[in-house]
Amino acid sequence: MGSKSDWETMRHTDLLLTQLGVPHVCKVMSAHRTPGLTAEYAAKAEARGIEVIIAAAGGAAHLAGVVAAHTVLPVLGVPIESRALKGIDSLLSTVQMPGGIPVGTMAIGKAGAINAALFAAAILANHRPALRKKLHAFRKKQARKVKQETLP
């Protein structure tokens, strides 16, 4: 994530990946404040065995794009809600990538953080039957919960 303050949103990604048993690391690096570190991390990610990267940032949310520019791995961007424009600036900065450098962009905030974890897990589940089973179970549990909802 682009800064420690993004953890309030990205903790939902961490929690869901942990529940699904997906090994992952959470790091803070900035496209603007630590551009060298960010580029090096992305460029060496594939060699370290990383298969999917989730990059979250707010404001001028260039983290996902910078990461994607340095790797061929799938990069999922999570726009963080900003004070100034409620995350619209983050969304546009993440989604408006030039042709040739793709970033899969999620929704702004918590929903995007949750969906990034689920989408990353779905990518990995293509070659991991046990993880695919967990995703099926997650969906069934989610459906059961909705079916049990009652209104006053």
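Spin-label model, Lys110 to Lys86: label points 7 Å out along the Cα-to-beta-carbon direction sit 1.6 nm apart. In this label model, Val95 and Trp7 are separated by 3.0 nm, measuring between points 7 Å along each Cα→Cβ vector.
Summing +1 for each Lys or Arg and -1 for each Asp or Glu among the other residues whose beta-carbon sits under 12 angstrom from that of Ser3 gives +1. Summing charges over neighbours of Gln148, with a neighbour being any other residue whose Cβ is under 13 Å away from its Cβ, gives +4 when K and R count +1 and D and E count -1.
Once the C-beta distance of Val28 and Lys133 is scaled by a Förster radius of 41 Å, the resulting FRET efficiency is 0.80 to the nearest 0.05. State the dimensionless ratio Rg/Rh of segment 22-152 (Rg: radius of gyration of Cα atoms; Rh: Kirkwood radius). Using Cα coordinates only, the ratio equals 1.03.
Nonpolar atom fraction for segment 1-110, defined as the carbon and sulfur part of the 1.4 Å probe accessible area, stands at 59 percent.
The values are calculated or read from the model by the stated rules, or taken from the named source; none is laboratory data. In this text the structure is predicted, and so the values were computed from the model without any measurement. Cβ atoms come from the backbone with ideal geometry, glycine included; neighbour counts cover every protein chain shown. For the accessible areas, the whole protein counts, side chains as well, though only heavy atoms, and no ligand, DNA or RNA atoms are used. Shrake-Rupley method; radii C 1.70, N 1.55, O 1.52, S 1.80 Å.
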